[in-house]
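Engineer: Provided herewith is a single structure, encoded as structure tokens, for subsequent inquiry.
The values are calculated or read from the model by the stated rules, or taken from the named source; none is laboratory data. Because the structure is a prediction, the values reported are computed rather than measured. Backbone-built Cβ (ideal geometry, glycine too); neighbour counts: all protein chains shown.
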Amino acid sequence: MKGNAILWIVLGVAVVILVYATSVYNGLVKANEGVDAQWAQVESQYQRRFDLIPNLVSSVQGAMSQEQAVFTALAEARAKYAGARTPDDRAAMASSVESSFARLLAIMENYPQLKSIDTVQSLIAELAGTENRVAVERMRFNEMVRDYNVSVKTFPRSMFAGMFGFAPRAMFEAVPGAEEVPQVEL
């Protein structure tokens, strides 16, 4: 009788651990997929930005042929983003595009005649809206990564996370120097 009771207790504990491990695994999968889905939202906004940039460049380029270096840097940064494969690489390349784009906008502010061109005005408004969307999606991405990382790192989930191959994810971080105002030399 005593042997059966111990067997049932061990079996009950094993079932509880199995149910808990399944719950942890499913929760981690859901959180990981949420992070991936949120990164896709960030990339969607990047794509919107990159679709608008050639139109802005075309609208402005004719009036600003002397600023060819800025247009070239913007095109190169955009091409590098397209070639990046991982979220971390894409985030770094997106920051490079932002830096070039910031220089272009700073230059445009020094050419008042460009501000009066309707297509330039509407594209700048679209890009400003896109930049806001990108910022919101990045913030949401970082929030999801934070929640996922907390889930992966806290005990007892951390034990199961390691067994199941879940590791902390990297947050989006601006590239060094992004806090600097772009210098415009005319």
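Engineer: Could you please let me know if Glu98 is acidic (Asp, Glu) and at pLDDT 75 or above?
Structural biologist: On the way: acidic (Asp, Glu): yes; at pLDDT 75 or above: yes.
Answer is yes for this residue.
Engineer: Looking at Val60, is it at pLDDT 75 or above, among the β-branched types (Val, Ile, Thr) and crowded, with 16+ Cβ neighbours inside 10 Å? Spell out the reasoning first.
Structural biologist: Details: at pLDDT 75 or above: no; among the β-branched types (Val, Ile, Thr): yes; crowded, with 16+ Cβ neighbours inside 10 Å: yes.
No, not satisfied.
Engineer: Those residues that are among the polar types (S, T, N, Q) and touching a residue at least 12 places away in the same chain (Cβ under 8 Å), I need them from the stretch 11-55; list them, please. Don't jump to the end; show me each part of the working.
Structural biologist: Quick first cut of the stretch 11-55, residues among the polar types (S, T, N, Q) only: 22-23, 26, 32, 38, 41, 44-45, 47, 55.
Across the stretch 11-55, the qualifying residues are Asn32, Gln38, Gln41, Ser44, Gln45, Asn55.
Engineer: Would you pick out the residues in the stretch 130-186 that are of a type in the set (Val, Ile, Thr) and either in a helix (DSSP H, G or I) or modelled with pLDDT of 90 or more (or both)? Break it down into steps so the answer makes sense when it comes.
Structural biologist: The initial filter retains those residues of the stretch 130-186 that are of a type in the set (Val, Ile, Thr), namely 130, 134, 136, 145, 150, 152, 154, 175, 181, 184.
Scanning the stretch 130-186 gives Thr130, Val134, Val136, Val145, Val150, Val152, Thr154.
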